[in-house]
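The values are calculated or read from the model by the stated rules, or taken from the named source; none is laboratory data. Everything numeric here is computed off the predicted structure, so don't read it as measured data. No Cβ is skipped: glycine too gets one built from the backbone with ideal geometry, and neighbour counts run over all protein chains shown. Accessible surface is based on the protein model in full, side chains and every heavy atom, while ligands, DNA and RNA are left aside. Shrake-Rupley method; radii C 1.70, N 1.55, O 1.52, S 1.80 Å.
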Amino acid sequence: QVQLMESGGGFMQAGGSLRLSCAASGSIFSISAMGWYRQAPGKQRELVARITSGDSTNYADSVKGRFTISRDNAKNTVYLQMNDLKPEDTDVYYCNGQLRVSVWQAQRNYWGQGTKVTVSS
């Protein structure tokens, strides 16, 4: 059983910073990529940032220069440092892991429960 546990969401004023963390636990053989997505009510889930096992990153245009994704492979943990927060960053943020639970099983997506980020103007 694989679990992705997020932490670090909350309430912040515009211009402030928050740091999200997501730790993957359970029977994990390998992780190829981890990332953060966000979803507002009634909208599609969208990519915020993603990082591969080789440390390649990609970001949504709306967060480039403000958010930084990083990972600790030894801890199976991914972080999202969010600076200069804006009200439009208000969303539920979901951690994603693309991983394999054994050498005999194909890679699949796993999701965390989500953590709410609220930015006031």
Verdict on P41 being modelled with pLDDT under 95 and surrounded by fewer than 17 Cβ atoms within 10 Å (Cβ to Cβ): yes
Which listed residue is more than 17 Å from V119 (Cβ to Cβ), open to solvent by 40 Å² or more (accessible area, probe 1.4 Å), of a type in the set (G, A, S) and free of Cβ contacts under 8 Å to residues at least 40 places away in the same chain, from S7, S53: S53
Enumeration of residues in the range 1-33 that are assigned to a loop (DSSP other than H, G, I, E, B) and more than 27 Å from D89 (Cβ to Cβ): Q1, V2, G26, S27, I28, F29
Residue, nearest to M5 (Cα to Cα), within the range 87-121, restricted to residues that are assigned to a loop (DSSP other than H, G, I, E, B) and open to solvent by less than 70 Å² (accessible area, probe 1.4 Å): G112
All positions within the range 69-86 that are within 16 Å of F29 (Cα to Cα) and in a loop (DSSP other than H, G, I, E, B): N76
